[in-house]
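Colleague: Quick one: the structure is below, and I'll ask about it shortly.
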Amino acid sequence: KLMLGVPMLPDDGPDSIAEGARGDYNQYFRALAQNLVRYGQASSSLRIGWEMNGTWYRWSAVADPSGWIAYYRQIVTTMRSVPGAHFTFVWNPNIGTRSMDAAAAYPGDAYVDEIGMDVYDWEWNTPEATPQSRWDWILTHPNGLNWLADFGQAHFKPISLPEWGLARPEENTNGGGGDDPYYIRQMLEWCATHDVAHESYFNYGSHRLASFPEAARAYRSSIQELARLAAMS
């Protein structure tokens, strides 16, 4: 099944959330939906404006949550209207509340099919964190994994981890865990013990497993063990 991160705005230019909220860009999302249907991807999962609770993308919801919600609803309504469309729309914040509480940008159950979260192995601004304390932060921080499980259950939506991965120590102001097999094992076990629809390790750039040999071995052994247990159940 194809999963796409769908930007709400280009990287630069005059385009804005406010214009999207008015429906000014609906034709682009209609064309995207038509192309996906035409090429046999009518059941794709679409992460519309992912990580909106941060400030690093132009479609950030931090400055205007209500405008972001209105724009998201325009996109979903437009793409659903295309004949043959059966998309899964994934509302996909980033872990944490450094910029805003993700719930302030929730578009409503009628516009969300799945609730995802991007979770990397760091504890912001905490270079001295141990693997155990980082994992505790990931679990218990507002808008952390415990919140994800509870929020999904409260809204009767499946949950997912569209992006998760290791992080170098210099990332996020020296908060990354580097070659951290503990994080790998905990993440996969958490997925196995919660109603996670799917997970996707972000095996790209500085997060590549090949750069972290201990964690890569933990990933392989954990996946094999989970597969063995699944086969026995």
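Colleague: Summing Lys, Arg as +1 and Asp, Glu as -1, what charge do residues with Cβ under 15 Å from the Cβ of residue 154 carry, residue 154 excluded?
Modeller: Values: positive: 157; negative: 101, 109, 114, 150, 195.
Residues near residue 154 contribute -4 overall.
Colleague: Roughly speaking, what % of Cα-Cα pairs in the chain are separated by over 22 Å, rounded to a whole number?
Modeller: Details: 14836 of 27028 pairs.
Beyond 22 Å sits 55 percent of the P(r) for the chain.
Colleague: Which three lengths, in whole Å and largest first, does segment 1-85 cover when its Cα atoms are put on their principal axes?
Modeller: Its Cα atoms span 36, 24, 22 Å along the three principal axes.
Colleague: Hey, what angle do you get for helix 65-80 against the long axis of the chain, alpha-carbon based, 0 to 90 degrees rounded to 10?
Modeller: So the helix axis and the longest Cα principal axis differ by about 70 degrees.
Colleague: Gain in length, residue 38 to residue 58, computed as 0.36 nm per residue apart minus the alpha-carbon separation, to one decimal in nm?
Modeller: Numbers: separation 20, 0.36 × 20 = 7.20 nm, distance 2.92 nm.
Stretched fully, the residue 38-residue 58 segment lengthens by 4.3 nm.
Colleague: May I ask you to give the solvent-accessible area per residue for the chain, in square angstrom, as obtained with a 1.4 angstrom probe?
Modeller: Per residue, the chain has an accessible area of 47 Å².
Colleague: Let me ask something else about it. Could you state the angle between the C-alpha long axis of helix 181-193 and the longest principal axis of the C-alpha atoms of the chain, as a value from 0 to 90 degrees rounded to the nearest 10?
Modeller: 60 degrees
Colleague: Quick one: what do you get for segment 41-169 if you divide its Cα Rg by 2.2 N^0.38 Å?
Modeller: Working: Rg = 15.3 Å, N = 129, 2.2 N^0.38 = 13.9 Å.
Segment 41-169 yields a ratio of 1.10.
Colleague: When only DSSP loop residues count, what GluC sites (Glu not before Pro) in segment 117-183 have their Cβ near at most 15 other Cβ atoms within 10 Å? Can you show the working numbers first?
Modeller: On the way: sites: 123, 128, 163, 170, 171; in loops: 123, 128, 170.
Taking segment 117-183 and a limit of 15 other Cβ atoms within 10 Å, the loop GluC sites (Glu not before Pro) found are 128, 170.
Colleague: Averaging the inverse of every distinct alpha carbon separation and then flipping it gives the Kirkwood radius. What is it for segment 108-156, in angstrom units?
Modeller: Working: mean 1/r = 0.0827 Å⁻¹.
About 12.1 Å for segment 108-156.
Colleague: With springs only between Cα atoms under 10 Å apart, run a GNM on the chain and tell me which of 169, 83, 158 wobbles the most.
Modeller: Among 169, 83, 158, the largest GNM mean-square fluctuation belongs to 83.
Colleague: Let me ask something else. Can I get the semi-axes of segment 118-233's equivalent ellipsoid? Compute them from the C-alpha gyration tensor as square roots of 5 times the eigenvalues, in angstrom, largest first. All intermediate terms of the calculation are to be shown ahead of the outcome.
Modeller: Values: eigenvalues 100, 73, 27 Å².
Its equivalent ellipsoid spans semi-axes of 22, 19, 12 Å.
Colleague: How about segment 128-164: which chymotrypsin sites (Phe, Trp or Tyr not before Pro) there are in a DSSP loop, with at most 13 other Cβ atoms within 10 Å of their Cβ? Working shown, then result.
Modeller: Values: sites: 135, 137, 147, 151, 156, 164; in loops: 156.
Within segment 128-164, the qualifying chymotrypsin sites (Phe, Trp or Tyr not before Pro) (loop, at most 13 other Cβ atoms within 10 Å) are 156.
Colleague: Here's another thing I want to ask about it. By how many degrees, 0 to 90 and rounded to 10, does the Cα axis of helix 213-232 deviate from the longest principal axis of the chain?
Modeller: 80 degrees
The values are calculated or read from the model by the stated rules, or taken from the named source; none is laboratory data. Given the structure is predicted, the values throughout are model-derived calculations rather than measurements. Please note: Cβ atoms are built from the backbone with ideal geometry, for glycine as well, and neighbour counts cover all protein chains shown. Areas reflect the complete protein model, heavy atoms only, side chains present, ligands, DNA and RNA absent. Shrake-Rupley method; radii C 1.70, N 1.55, O 1.52, S 1.80 Å.
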